[in-house]
Amino acid sequence: MGQRVWVTVAVALTVGFGTGLYAGPYFVSSSETDGNSFDLSSLPDELRQKHRDPDYLLSEIKNYELMTEALARLEAEQSSQESLVLPEGMTSVPLGQLYLPDDEVHWPEDVSGDVGAALDAAKNGWVILNYWASWCAPCVHELPEMGEAAPLYAKRGVTLIAVNTDPTQTDSRDSIRALFSNRNVDHLEPLIAEGEGLESLLAASGQSKSKLSLPTNIVFAPGGIPYAMFQGGDTKATEAWTAPETLEFLEIIVRAD
């Protein structure tokens, strides 16, 4: 494995990308990190090399103010959304804040290829549809645990589908396969949305290429009925998708259906 590359948390790469990739104006070694830096070694080589270019970092810094304003607007919108009423006796779910989908959220339609086949095969049951990209630090962090969760969910009647929805088209099928291999992501198909399929998936989440927060997750009841959503992630979390409370929550909603 190559030497790890760390950058300070000075810039959040986003065009409304939520808690995506963290970048900053200079590199530090792992021994010098103070908890405000992020390891970029899990990213594809091409993207990691870009973060060695001072001009590339400066261009990000120039956009920082606009990006943080966009993120603030997004957070304000999310805070106004109605929370999902959890099953009796539950006060929270480790996956994050669950809220009711708005009217724009729907089952993705007219998606072809491997992504469309996966959606069609799962539609008649409970589904969690995950949107991610390689530049999104929380997304990459949680992928291995999501892989561990997939068979646990399947036993409970829930299909977990993770689809790369990178609007910048930086990611590719090959880079996703390599990332899955490097991160030991098992039990998940390396799916990527492209072209009209990407547009359809983003629209189904009530988002677009210019207004997107990753990771985004939609919980669908059987028949493709939107049930709940949750967004964001914690790069320091060690257990969320496989937490006993999460499994209990899924068992309850599936039984109640």
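The values are calculated or read from the model by the stated rules, or taken from the named source; none is laboratory data. Since this is a predicted model, take the numbers as computed values, not measurements. Heavy atoms of the whole protein, side chains included, go into the accessibility calculation; ligands, DNA and RNA do not. Shrake-Rupley method; radii C 1.70, N 1.55, O 1.52, S 1.80 Å.
With a 1.4 Å probe and every protein chain kept in, tell me what percent of the accessible surface of the stretch 69-159 is carbon plus sulfur.
C and S atoms contribute 48 percent here.
Show me, for the stretch 116-121, the HN-Hα J-couplings you get by feeding each phi into the Karplus relation (A = 6.51, B = -1.76, C = 1.60, θ = phi - 60°), rounded to Hz, glycine and proline as x.
Along the stretch 116-121, the couplings run x, 5, 5, 5, 4, 5 Hz.
Scan around Thr159 for amide H atoms under 5 Å from its own, H built in the peptide plane at 1.01 Å from N, and keep only partners 5 or more places away or cross-chain.
Trp126, Val127, Ile128
Of all accessible surface on the stretch 203-257 at a 1.4 Å probe, what whole percent is carbon and sulfur? Spell out each step's value before the answer.
On the way: 1140 of 2280 Å².
The nonpolar share, carbon plus sulfur, comes to 50 percent.
³J(HN,Hα) across the stretch 86-94 via Karplus (A = 6.51, B = -1.76, C = 1.60, θ = phi - 60°), whole Hz, x for Gly/Pro?
Those phi angles translate into 7, x, 4, x, 9, 9, 6, 10, x Hz.
Give the shape of the stretch 218-257 as rounded, prolate or oblate, defined through the alpha-carbon gyration tensor: a ≥ b ≥ c are the square roots of its eigenvalues, a/c under 1.5 means rounded, and otherwise the shape is prolate if a/b is larger than b/c and oblate if not.
Values: a/c = 4.06, a/b = 1.52, b/c = 2.68.
Oblate, because a/c is 1.5 or more while a/b does not exceed b/c.
What are the ³J(HN,Hα) couplings of the stretch 244-252, residue after residue, when phi is run through the Karplus curve with 6.51, -1.76, 1.60 and θ = phi - 60°? Round to Hz, x for glycine and proline.
x, 5, 5, 5, 5, 4, 5, 4, 5
Determine the per residue accessible area of the stretch 105-257 with all protein chains present and a 1.4 angstrom probe, expressed in square angstrom. All intermediate terms of the calculation are to be shown ahead of the outcome.
Working: 6280 Å² over 153 residues.
Per residue, the stretch 105-257 has 41 Å² of solvent-accessible surface.
Could you list log10 I(q)/I(0) for the stretch 80-184 at q = 0.13, 0.20 Å⁻¹, which the Debye formula gives when each Cα is one point scatterer?
Result of the Debye calculation: -0.60, -1.38.
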